[in-house]
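Participant: Dropping the structure in here first, questions after.
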Amino acid sequence: MDPIRISGIIGEDTATADDLGRTLEAAGGRPVDVIINSAGGSAFEGAAIYAELKGYAGPVTVRIRGVAASAASLAAMGGDTILVAPAAAMMLHNPASLTFGDSDVHRDVAERLELLSRTYAETYAAESGNRTQDVIAWMTQETWLTAEDAVTLGFADGLEEAPAPEATPAPSARAAAPALHHHPAAVVATPVCTI
């Protein structure tokens, strides 16, 4: 079966729980690969995609390529195995909303956002093995994780290895250079414009 791709804005185009559910139903319990490259979108749709993946009868391998940010990072947590491409990233933050209305409307929306943030944090914590209060802190400060950080903090199971070439090419100048060692920070927070 071809990989299932979740890209673009979560909740729009083909990045919806309904589309995913139909594809998973057609897969009939066979192993599936889900490739995610999304900056996020609807918080509720991200939660629904997560639930579809968790409820699938067969094994699910999620492969993060590019980015799994915001609602897409929660969706990614639905995989049985989560792999991150070495140059990819994950981002966690509190759900946000635009509100129009009087003070009562704003208070009501704020309460719903706090509830949604708590639900997200508890889900991330359950899937990654981190404490909920730590995840809340990471979400509050909008935390970006490199691929290695995602593995170190339990948000992914490993790095996605590039497939081996059929023929061994001559080493490039870059490949022949001494390896650079990366020491991931526990948390990487970078101000980047997100959805």
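The values are calculated or read from the model by the stated rules, or taken from the named source; none is laboratory data. What you see is a predicted model, and the numbers here were worked out from it, not measured in a lab. Note that we place each Cβ from the backbone using ideal geometry, even for glycine, and neighbour counts take in every protein chain shown. Accessible surface is based on the protein model in full, side chains and every heavy atom, while ligands, DNA and RNA are left aside. Shrake-Rupley method; radii C 1.70, N 1.55, O 1.52, S 1.80 Å.
Participant: Scan the range 36-64 residue by residue and report those that are open to solvent by 10 Å² or more (accessible area, probe 1.4 Å), among the small types (G, A, S) and either within 12 Å of S7 (Cα to Cα) or in a helix (DSSP H, G or I) (or both).
Facilitator: A39, G41, A43, A47, A48, A51, G55
Participant: Those residues that are surrounded by 13 or more Cβ atoms within 10 Å (Cβ to Cβ) and not in a helix (DSSP H, G or I), I need them from the range 111-140; list them, please.
Facilitator: N130, the sole residue that qualifies.
Participant: Within the range 141-157, restricting attention to residues that are closer than 21 Å to A96 by Cβ and not acidic (D, E), which residue is surrounded by the most Cβ atoms within 10 Å (Cβ to Cβ)?
Facilitator: By that ranking, first place goes to L145.
Participant: Among the residues of the range 30-48, are any touching a strand residue (DSSP E or B) at 6+ places or on another chain (Cβ under 8 Å), among the hydrophobic types (A, V, I, L, M, F, W, C) and more than 23 Å from V135 (Cβ to Cβ)?
Facilitator: yes
Participant: Condition check: out of contact with any helix residue (DSSP H, G or I) (no Cβ under 7 Å at 6 or more places or on another chain), at pLDDT below 95 and either over 27 Å from S38 (Cβ atoms) or β-branched (V, I, T) (or both). Does P178 satisfy that? Don't jump to the end; show me each part of the working.
Facilitator: On the way: out of contact with any helix residue (DSSP H, G or I) (no Cβ under 7 Å at 6 or more places or on another chain): yes; at pLDDT below 95: yes; either over 27 Å from S38 (Cβ atoms) or β-branched (V, I, T) (or both): yes.
It is true that P178 is out of contact with any helix residue (DSSP H, G or I) (no Cβ under 7 Å at 6 or more places or on another chain), at pLDDT below 95 and either over 27 Å from S38 (Cβ atoms) or β-branched (V, I, T) (or both).
Participant: Related question: In the range 21-35, which residue that is more than 9 Å from I4 (Cβ to Cβ) and of a type outside the set (K, R) is most open to solvent (accessible area, probe 1.4 Å)?
Facilitator: E25
Participant: Which one of these is more than 29 Å from G21 (Cα to Cα) and of a type in the set (D, E): D108, D80?
Facilitator: One residue alone meets the criteria, D108.
Participant: Report the residue count in the range 65-81 for those that are open to solvent by 30 Å² or more (accessible area, probe 1.4 Å) and touching a Pro at 6+ places or on another chain (Cβ under 9 Å).
Facilitator: Going through the range 65-81 one residue at a time, the tally reaches 2.
Participant: Something else about it: If you scan the range 65-110, which residues turn out to be of a type outside the set (D, E) and assigned to a helix (DSSP H, G or I)?
Facilitator: Within the range 65-110, A71, A72, S73, L74, A75, A76, S103, V105, H106, R107, V109, A110 qualify.
Participant: Restricting to the range 54-75, what's the tally of residues that are in contact (Cβ under 8 Å) with a residue 60 or more places away in the chain and of a type in the set (A, V, I, L, M)?
Facilitator: 5
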